[in-house]
1. Roughly what % antiparallel, to the nearest 5, for the DSSP beta bridges in the chain?
2. So in the stretch 66-176, what percent of DSSP beta bridges are antiparallel if you round to the nearest 5?
3. I want the local charge near Pro159. Using Cβ-Cβ distances under 9 Å, sum +1 for each Lys or Arg and -1 for each Asp or Glu among the other residues.
4. Residue separation times 0.36 nm, minus the C-alpha to C-alpha distance between Asn373 and Ile38: what's the value?
5. Full-extension gain between Phe274 and Ser396, please, as 0.36 nm times their residue separation minus the C-alpha to C-alpha distance.
6. For the chain, what mean projected area does the convex hull of the alpha carbons give, in nm²?
7. As a test question: what accessible area, to the nearest 10 Å², does Ser272 have when a 1.4 Å probe is rolled over all protein chains in place?
8. Dipole magnitude of the stretch 9-194 about its Cα centre, charges +1 at Lys/Arg Cβ and -1 at Asp/Glu Cβ only, in debye to the nearest 20?
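The values are calculated or read from the model by the stated rules, or taken from the named source; none is laboratory data. Keep in mind the model is a prediction, meaning the values are calculated, not measured. All Cβ positions, glycine included, derive from the backbone under ideal geometry; neighbour counts span all protein chains shown. For accessibility, only protein heavy atoms count, side chains too; no ligands or nucleic acids. Shrake-Rupley method; radii C 1.70, N 1.55, O 1.52, S 1.80 Å.
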Amino acid sequence: MVRKSLDIKVVMMGLGYIGLPTAALMASKGIHVHGVDINQKTVDTINRGQIHIVEPDLDGLVRHVVSEGYLKADTSPCNADVFLIAVPTPFREGFEPDLSYVESAVKGILPFIKEGNLVILESTSPVGTTEYIEQIINKERPEIVGQYFLAYCPERVLPGRVIYELENNDRSIGGINKDSTDKAISFYRNFVKGDLISTNSKTAEMCKLVENSSRDVNIAFANELSMICDEAGVDIHELISLANKHPRVNILSPGPGVGGHCIPVDPWFLVSSFPGTTKMIRSAREVNNYKTEWVIEKIKNHALQFELEHGRKPIIACLGLTYKADIDDIRESPALHIVKTLIKDGLEVMAVDPHVESVKQISLVNLQEAVLNCDFAVKLVDHKYFKELTNKEFNSIIEF
Ligand SMILES: NC(=O)c1ccc[n+]([C@@H]2O[C@H](COP(=O)([O-])OP(=O)(O)OC[C@H]3O[C@@H](n4cnc5c(N)ncnc54)[C@H](O)[C@@H]3O)[C@@H](O)[C@H]2O)c1
């Protein structure tokens, strides 16, 4: 049931993994949402009450708020009280942030911003982007300078739990001035139960980048340790479990690299803005990228050894394709990159992933088939589904 209608109209720019759930949640609280996306197919899908992304509980919510008339999608914006921006912020070649989607979303809403309106950037962005948006608005709309509110509020949801986390996570909210921060906080209070913590726009922008850089640095430490252990002939898992007995040590588990669309991207926004002082953040990125190439070399060497011993190339079972355990997302997945590289380099690979239906040019088989046909296995993703596997099923399982 949509809560009773609120007298607030929101334009939501971008209806992807963040924008659509946010639009649907706001609409379910009685906010009138005009969702905007440049993709006509996305707009048509949403207006039919359907969704174009995979996210639990989102389909029912969208169907409901569209049928009740609280959410409408369109390819262009309109007048509103609040303008929210959740468009992509990838990086270009050389790891430079690409702000062209944000710029174009701002251009789209420019003619509609009126005195008293609130503009909020949610896209993960380099430090100073909100102030840059202020400059664009002030230059193009000098008659409203000082009469609108502008804030940054980053998103920290976990795919698979987005609806719950949108409503319940704490949020840092930073305006370009105190009035903007206060205005944004009272807006989010309409649909967020978590704490809304006030700061300034630059701190809020940096906070998001630092959260993911912190994860990246910690993972890089575990990945570097795993390569040291390989050289030293020490079992990395035993080592970490022993070290973590120290009451103030908590080393993460290593893996074949870092994937997804946040952790491998966001640290570069800090490196690009502060090149001279981000030595550790840059190194962590490099270590995590290098770990993937190191894993490829390890598998190739193992295959070569097998060929020398058996006079034929091995069939390799690659266990897992997604970018992390127990999800179906293969975007920027190191496991997928490893499998594709092995195939491109002429190795015979059977991939197993219970969460993935098909991937172009990759032979996906079930576990049984892999056990029967493969000479050795490499575990690339720590899905619960693979937990019970032992070297008895395969001749050997290599983990990284
Ligand atoms: N997906 C996540 O888990 C997550 C988590 C935290 C932060 N973020 C950040 O949120 C932002 C959005 O990410 P996402 O995952 O939702 O991206 P997405 O690619 O799923 O969705 C973005 C949508 O914006 C649309 N779009 C592009 N330019 C537009 C424009 N000018 N006007 C209107 N629509 C436009 C695209 O067609 C697309 O549908 C990014 O900055 C991302 O880094 C994402």
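1. Working: 3 of 42 bridges.
Roughly 5 percent of the DSSP beta bridges within the chain come out antiparallel.
2. Working: 3 of 11 bridges.
Of those bridges, close to 25 percent are antiparallel.
3. On the way: positive: Arg161; negative: Glu55, Asp329.
Spelling it out: positives minus negatives among the neighbours equals -1.
4. Numbers: separation 335, 0.36 × 335 = 120.60 nm, distance 4.67 nm.
Computed gain between Asn373 and Ile38 is 115.9 nm.
5. Values: separation 122, 0.36 × 122 = 43.92 nm, distance 4.50 nm.
Full extension of this stretch gives 39.4 nm more.
6. Numbers: hull surface 89.0 nm².
Seen from a random direction, the Cα hull of the chain projects 22.2 nm² on average.
7. Number for this one is 40 Å².
8. Dipole of the stretch 9-194, to the nearest 20 debye: 380 debye.
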